[in-house]
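Note sheet for the following structure.
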């Protein structure tokens, strides 16, 4: 099989050449992602958080900031440095600074990883298309040959037509292995980043800032009742007001006497 594939390369098969170019691009992406995830973004997160916590516990913010700057300008040290700078200017902006830097950095972990799956699928489909094209040309060539020549060349031509499909499957499998390796490293790094960001929130964000929620209160300290305000004028209009300084029972008695006198005058 490998000898037939090499012979197809020598004959200049366009499908094999296309798959080789796509495979080279995929391999470059795999190696680039491995270098970034394992050697640039990755670090000893436990040791970094422990040292940073000890510096912040001692309230040595200057040394903590210098410690963060000693690392590369990526990953968790960059987020911690931004949070410490916000703590020096305005402690209420620490949480927003951590969120902004996290949203900026985390998508960089997944950069170009999704393209590996697309390239693998494209290589596989290109190999299948090359096999179909080669079989098509083979059957067209056999149709114009004699019976003896057909039997002699049919097997060799069909075997040669399967070379693009075989090469596409092999190259696609190789890229899938690289994809899952890179994907696993990215997931592990993302989980460590989430843990480190949680630790930074607990260390730097003041509890009163996290729990304080401003609420507008009226100037008198109590909320006025609209129902009582609207019902008061109606009650005042419907009921007559008693004279000032008079007792309720006396007022009722005087009203009853006036009603009796009016009835006697009518009679």
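Structure summary
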| item | result |
| --- | --- |
| Among 98-108, 13-23, the order from most to least packed when residues are scored by Cβ within 10 Å on average | 13-23, 98-108 |
| Extension gain from residue 183 to residue 112, taking 0.36 nm per residue of separation minus the Cα-Cα distance | 24.5 nm |
| Cβ-based exposure ranking for 117, 50, in which fewest neighbours within 10 Å come first | 50, 117 |
| Sites residue 42 and residue 85 - FRET efficiency at Förster radius 22 Å, r taken between beta-carbons, to 0.05 | 0.40 |
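Every read-out reported here was derived from the displayed coordinates using simple, explicitly stated rules and does not represent laboratory data. As the structure is a prediction and not an experimental result, all values here were calculated from the model. All Cβ positions, glycine included, derive from the backbone under ideal geometry; neighbour counts span all protein chains shown.
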